[in-house]
Amino acid sequence: MDTLRRFGISNESFVVVYDDCGGAMAARLWWMLRWLGHDQVAVLDGGIAAWRALGGDLERGPVREHATGNFLPTTVRDNWIIETGELTELLAQGEASLLDARARPRFDGLVEPIDPVAGHIPGAVNLPFNDLLSEDGTFLEPATLAERFAEALRGGSARTAITMCGSGVTACHLQLGLEAAGLGMGRLYVGSWSEWIRDPERPVGKA
């Protein structure tokens with residue numbers, strides 16, 4: 001909370017977050033603020049590239065000083081996350097609609113630049129986060145997004161979708177995509193692949 005306050009965020013603030021990688025990082029902060037009950041937050045579609053394309057000004061040098069915020073969570077939405085134990089049970093029952101936001105080579109187990117084990121959770125469906133973006137880095141139209149999710153969910157409900165990635169960051173981009181498609185929010189497997197492989201007894205799928 002101290003970091004958010006240091007950034008000048010208060011409970012009354014409308015927060016706009018952006019990055020230079022299609023919202024992959026910005027979506028995480030968007031999700032975290034909403035998880036803490038702060039709904040006045042948005043991601044700049046297309047990020048800094050879109051801002052520059054519209055002729056938006058940029059500043060250089062040190063960040064301007066600003067007043068410290070007084071942010072306090074109004075609620076913590078623990079029903080937005082899922083832990084490994086519950087996920088394992090749902091997978092065993094065939095009731096988990098699990099979407100993995102990592103790039104296809106990592107999902108298939110062909111490469112793994114970060115974690116010590118390559119592959120994916122058996123039963124997961126690969127939906128790389130950048131598949132939700134147009135060539136200019138902005139989100140696809142809502143109807144097209146809905147089609148992408150319908151195909152990946154294979155008839156499952158978006159509201160019961162579970163998103164994951166390597167460490168729970170780009171998985172938030174899928175949550176943002178669900179919202180942008182008008183489908184509502186699913187749940188986030190925060191620990192994601194890095195958590196799953198901590199137990200060598202858990203199964204690992206490969207292409």
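Every read-out reported here was derived from the displayed coordinates using simple, explicitly stated rules and does not represent laboratory data. Bear in mind that the values here come from a model prediction, so they are computed numbers and not experimental data. Neighbour counts run over all protein chains shown; Cβ positions are idealised from the backbone, glycine included.
Quick one: compute the contact order of the chain, relative version, from alpha carbon pairs under 8 angstrom and 6+ residues apart, as a percent.
24 percent
Using alpha carbons only, how many degrees (0 to 90, rounded to 10) separate the axis of helix 142-153 from the longest principal axis of the chain? Value to nearest ten degrees: 30.
Computed from the C-beta positions of residue 115 and residue 14 and an R0 of 41 Å, the FRET efficiency is 0.65 to the nearest 0.05.
Taking each DSSP H run with n ≥ 4 as -39500 (n - 2.57) and averaging over every residue of the chain yields -8000 deg cm²/dmol at 222 nm.
Among 55-61, 167-173, sorting by the average number of other beta carbon atoms lying within 10 angstrom of each residue, highest first, gives 167-173, 55-61.
Modelled this way, with points 7 Å down the Cα-to-C-beta line, the labels at residue 65 and residue 104 are 5.3 nm from one another. Between residue 7 and residue 204, what is the FRET efficiency for a Förster distance of 35 Å, r being their Cβ-Cβ separation, to the nearest 0.05? Calculated value: 0.35. Computed over the Cα atoms of the chain, pair by distinct pair, the Kirkwood hydrodynamic radius stands at 18.1 angstrom. Quick one: Cα centre-to-centre distance for the stretch 1-80 and the stretch 184-207, in angstrom? If you average the Cα positions of each part, the centres end up 27 Å apart. Compute the helix-to-body angle for 26-35: its Cα long axis versus the longest principal axis of the chain, expressed 0 to 90° and rounded to tens. Around 90 degrees separate the two axes. When Rg and the Kirkwood Rh are both derived from Cα coordinates, the Rg/Rh ratio for the stretch 76-124 amounts to 1.04.
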